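> Below is one structure. I have some questions about it.
What follows is calculated from the coordinates using simple rules that are stated; it is not laboratory data. On a predicted model such as this, the values are computed, not experimentally measured, just so you know. Cβ placement follows ideal geometry from the backbone for every residue including glycine, while neighbour counts extend to all protein chains displayed.
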């Protein structure tokens, strides 16, 4: 979705928002493994609780097309909200002129959006997790903690080594890491504003109309 917004903002030019290195490593390094671990190990309730309360199976047995589409609409709505915040907050915060009258270029702004995207992906997964194993902890927090050293090293590749797709990042990371707008918009405000809606809706629903498995958690 961020690419769709960027296309409208740049009049459908060929200017990319993210560099090739960032695009190639998103799913490979920062998003896929925590989600795979969640899919493999997540449990709404323990096995003993399920065995003691067979009525918990009624939730999936009573599911129908209407409940499916309502659930999908909720997920799509939240995902759209995340994409709007992840894109527009760094774009308008980092591209505006600073006290010296200078603004960040699109590569730097794209890095701000990318950082916000990685943080929101992993923190939202952590928010939804109920059954934590050491593997979940390792993959989620390792993805976040290793991302910033990777970003720093990625910005140092050119001109030390003439690797395709790294020239645009030369010195960009040093500049944005020294920028308060990057830390405020991309690292702090974008994840908080994105996930605050998730947290509010989840808490409200659990308080007013909890599902059967949530009662036993």
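> Can you tell me the length gained on complete extension of the stretch residue 53 to residue 208, counting 0.36 nm per residue apart and subtracting the Cα distance?
So the extension gain works out to 53.6 nm.
> To continue, here is another question. After finding the eigenvalues of the alpha carbon gyration tensor for segment 60-147, what semi-axes result from the square roots of 5 times each, listed largest first in whole Å?
For segment 60-147, the semi-axes come out at 34, 21, 7 Å.
> Now for a different question. Mind jotting down the three principal axis lengths of the chain based on Cα atoms? Whole angstrom, largest first.
Computed over the Cα atoms, the extents are 63, 33, 29 Å.
> Under Stokes-Einstein, with the Kirkwood radius over Cα pairs standing in for Rh, what whole-number D in µm²/s applies to segment 1-110 at 25 °C and 0.890 mPa s?
This corresponds to a translational diffusion coefficient of 135 µm²/s.
> Determine, for 44, 104, 168, the number of other Cβ atoms within 10 Å of each Cβ, and report the residues in order from fewest to most.
Working: 44 16, 104 24, 168 19.
Placing the least packed residue first, the sequence is 44, 168, 104.
> Still on this model: Each label point is 7 Å from the Cα along the Cα-to-Cβ direction; what then is the distance between the points at residue 3 and residue 141, in nm?
It works out to 3.4 nm between the two label points.
> Which distance in Å, rounded to a whole number, links the C-alpha centroids of segment 119-148 and segment 166-187?
Here the answer is 23 Å between Cα centres.
> Another question, then. Give me the tail of P(r) for segment 1-45 as a percent: Cα-Cα pairs with distance above 16 Å.
More than 16 Å apart: 57 percent of the Cα pairs in segment 1-45.
> Once Rh for segment 102-154 is found with the Kirkwood sum over Cα pairs, what is the Stokes-Einstein diffusion coefficient at 25 °C and 0.890 mPa s, in µm²/s?
Diffusion coefficient, whole number: 197 µm²/s.
> Moving on to the next point. Can you sort 40, 9 by how many other beta carbons sit within 10 Å, fewest first?
Numbers: 40 10, 9 16.
Going from least to most buried by this count: 40, 9.
> A further question follows. Roughly how many nanometres apart are two label points built 7 Å out from the Cα toward the Cβ at residue 201 and residue 177?
If labels sit at residue 201 and residue 177, their model points lie 3.6 nm apart.
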